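Derivation of every value follows stated rules applied to the coordinates shown; laboratory data play no part. Owing to the predicted nature of the structure, the values given are computational and were not obtained by experimental measurement. Backbone-built Cβ (ideal geometry, glycine too); neighbour counts: all protein chains shown.
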Amino acid sequence: MNYPHTPPSSTRSLPPIRPSSQDFTTSSSTPSDVSPHTEPDGPLSGAWYSTRELACLLRVDPSTLRRWRTAHPRQGPPYVPVSGRVVLYSARDVETWLTERRVTPGVVG
């Protein structure tokens, strides 16, 4: 049976993780710099990638990202260790890291 080609889920962009309006209340426990009517521009305001997803996007093996994380000094894009086995990468951090590594031929740097 032939199915229409669909790209693997690891090549799709992840939807942004945004806090719901229920996450912000006007109680005394709400930080003064967080308004219940605006979304913060914090670490959960953009897309996040797992090691496997980012490796696919960068066209490297996931073991390369693991090696970069354990190298001394550390290499690769910034990451967040969520648990002993889960590491996430912010799309914003990855874009910044890639931009900083950009080489423009003919430009003396």
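Data for the structure
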| item | result |
| --- | --- |
| By average C-beta atoms within 10 angstrom, highest first, the peptides 78-90, 48-60 | 48-60, 78-90 |
| Label-point gap, in nm, between residue 102 and residue 72 - each point 7 angstrom along Cα→Cβ | 3.5 |
| Three-way shape label, segment 46-89, alpha-carbon gyration tensor, a/c 1.5 | oblate |
